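Since the structure comes first, as structure tokens, the remarks are kept for the end.
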Amino acid sequence: MLPLSTSEGTGGRIKAVPEDFVVMEITGNGRILEPGRTYAAADLSESAVADGRFTTFVLQKREWNTVQALTAIAKKVGHGKKSIGYAGTKDRDAVTVQLASIFGVVPGQLSSVHLKDLSINGAWLSSGVEMGSNLGNAFDVTVSGVERPENASMVINELGGMMPNYFDRQRFGSRLGNAKTGLAIMNGDFESAAMLILTDSAGETNEAAVSARKRLLEELDFRAALSYFPGYLKNERRMIEYLSAHEGDYAGALRRLPRGISLMFIHAVQSLIFNLEVERRVRHGDFESDLYCRANPYGFPDSGAITVEKGEFAVAPLVGYETDAGHITGERKGILDKLGLTRDSFRIRSMPELSMKGAFRTILAPVRNLSAEAREDRLRLSFSIPAGSYATVLVNEVTKADDLDLSMLS
């Protein structure tokens, strides 16, 4: 992905330890949640609800996936995954703080929850936390092994408070195969999609998993694969178990995956199309659009108000089957043509539960309070960005250490 800034980067790496990547949610009221601090509703200008059926709480976690952490908490108090609410997911390999909620539990019950590397920093009765209710996230990132720390200030000046709003690696999966799988599903090639999930070992780091994937690709014996596929690959094992009993029903095997995971494959295709457009715009310095949104009171994009009137932030579509045909023209259409897609490709008739209507996303994202502090071979970056934007994209603008070739994704 082509960076917006042209200065040479500082070099270096992130996430040497979780404490090098601190994520602090910015609540809907513009409050930044700090690690290690206990909060009451009033501290965050939140409304406590005396007869609320939910409890909102401040979750601090270290090396936990957001959903896994909240599911573990719910289990501790005798509830299931469907009882939890949160505004957005946070990085696993990090220290993060965010608001969450749980249905049918009073604040006092949460005091009995004790799980390693999880803490509950305040709780109160409420009407719950909804997805997307946060404004964004503040970050405190330490880059280690920095070679040219003096270059950070040049990059920051070039960015001028904005960054390309790319989707980063996380969107495309740890093996970078999500978009390939999504394209196969959208083309009705369910066998290829299933086999990519099961046998593609590119980017796989676990030796047992690499061996299992390669063996299945060679032998194509699903019944035998149940004896050697690693137990932690639960989704793959569900698919293999199904295929061992329903030979050739690859669509059925895909349906053994949780819908949220299957949707990620189609989201990855949307994200690839968007990234290719943003990369072209960065290359040509073209950030004008026929669609805009204005800033909210915090200075971040108000993505709920798309307009043809020129506003602070130019937006582009995340293509779906309801995307206006007038927005599928020129180079945007060229990107779709190269991928063998049309907007109607996102109406997946054989798996309608994965169909995508489409949405919008700003081409550039604002960066607030960006600062850099160098000490020896370490660089500390502090900044805030809107919800849905990727801190790792901004860090890579500064370091130029993690280039992602978009051609690898499709």
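The values are calculated or read from the model by the stated rules, or taken from the named source; none is laboratory data. Since this is a predicted model, take the numbers as computed values, not measurements. Every residue, glycine among them, receives a Cβ derived from its backbone with ideal geometry; neighbour counts consider all protein chains shown.
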Does the stretch 321-333 contain any residue that is part of a helix (DSSP H, G or I), touching a residue at least 40 places away in the same chain (Cβ under 8 Å) and closer than 13 Å to ILE273 by Cα?
yes
Filtering the stretch 352-367 for residues that are touching a Ser or Thr at 6+ places or on another chain (Cβ under 9 Å) and assigned to a helix (DSSP H, G or I) leaves a count of 2
Which of (1) in a helix (DSSP H, G or I); (2) touching a helix residue (DSSP H, G or I) at 6+ places or on another chain (Cβ under 9 Å); (3) surrounded by 21 or more Cβ atoms within 10 Å (Cβ to Cβ) does ALA69 not meet, given it meets every other one?
(2)
List the number of the failed condition for LYS180; all other conditions in (1) closer than 14 Å to VAL269 by Cα; (2) surrounded by fewer than 22 Cβ atoms within 10 Å (Cβ to Cβ) hold.
(2)
Can you tell me which residue among GLN109, GLN68 is out of contact with any strand residue (DSSP E or B) (no Cβ under 7 Å at 6 or more places or on another chain) and closer than 24 Å to GLY260 by Cα?
GLN68
If you go through ILE197, ILE240, ILE185, ILE156, the only one that is at pLDDT 95 or above and either in a loop (DSSP other than H, G, I, E, B) or out of contact with any helix residue (DSSP H, G or I) (no Cβ under 7 Å at 6 or more places or on another chain) (or both) is ILE156
Looking only at the stretch 80-92, and only at residues there that are modelled with pLDDT of 95 or more and over 20 Å from ILE26 (Cβ atoms), the one that is surrounded by the most Cβ atoms within 10 Å (Cβ to Cβ)
ILE84
Filter the stretch 334-351 for residues that are in a helix (DSSP H, G or I) and either free of Cβ contacts under 8 Å to residues at least 60 places away in the same chain or of a type in the set (A, V, I, L, M, F, W, C) (or both) and give the result.
GLY334, ILE335, LEU336, ASP337, LYS338, ARG343, ASP344, PHE346
Looking at SER101, SER127, SER111, can you tell me which residue is hydroxyl-bearing (Ser, Thr, Tyr) and either crowded, with 16+ Cβ neighbours inside 10 Å or not assigned by TED's automatic domain parsing to the domain that holds ARG37 (or both)?
SER101
Starting from the stretch 230-258, keep only residues that are farther than 20 Å from ALA208 by Cβ, then list their pairs with residues that are part of a loop (DSSP other than H, G, I, E, B) whose Cβ atoms are within a distance under 7 Å, requiring at least 6 positions of separation or different chains.
TYR242/ARG256; ALA251/SER350; ALA251/MET351; GLY252/HIS246
Among the residues of the stretch 213-221, are any over 30 Å from VAL395 (Cα atoms) and either in a loop (DSSP other than H, G, I, E, B) or modelled with pLDDT under 95 (or both)?
yes
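Take the residues of the stretch 7-65 that are assigned to a strand (DSSP E or B) and of a type in the set (Val, Ile, Thr): which is farthest from LEU379 (Cα to Cα)?
THR55
Within the stretch 279-298, is there a residue that is in a helix (DSSP H, G or I) and crowded, with 19+ Cβ neighbours inside 10 Å?
For the stretch 279-298, residues in a helix (DSSP H, G or I) and crowded, with 19+ Cβ neighbours inside 10 Å: present.
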Give just the number: which of (1) within 14 Å of GLY104 (Cα to Cα); (2) without any contact (Cβ under 8 Å) to a residue 60 or more places away in the chain does PHE54 not satisfy?
(2)
Among the candidates LEU272, LEU291, LEU257, residue that is under 18 Å from the mean Cα position of the chain (by Cα), of a type outside the set (Ser, Thr, Tyr) and within 26 Å of ARG347 (Cα to Cα)
LEU272
In the stretch 14-61, residue farthest from VAL97 (Cα to Cα) [restricted to those that are touching a Gly at 6+ places or on another chain (Cβ under 6 Å) and surrounded by 15 or more Cβ atoms within 10 Å (Cβ to Cβ)]
PHE54
Please go through the stretch 130-143 and give me each residue that is in a strand (DSSP E or B) and either surrounded by fewer than 17 Cβ atoms within 10 Å (Cβ to Cβ) or of a type outside the set (A, V, I, L, M, F, W, C) (or both), ordered by number.
GLY136, ASN137, ASP140, THR142
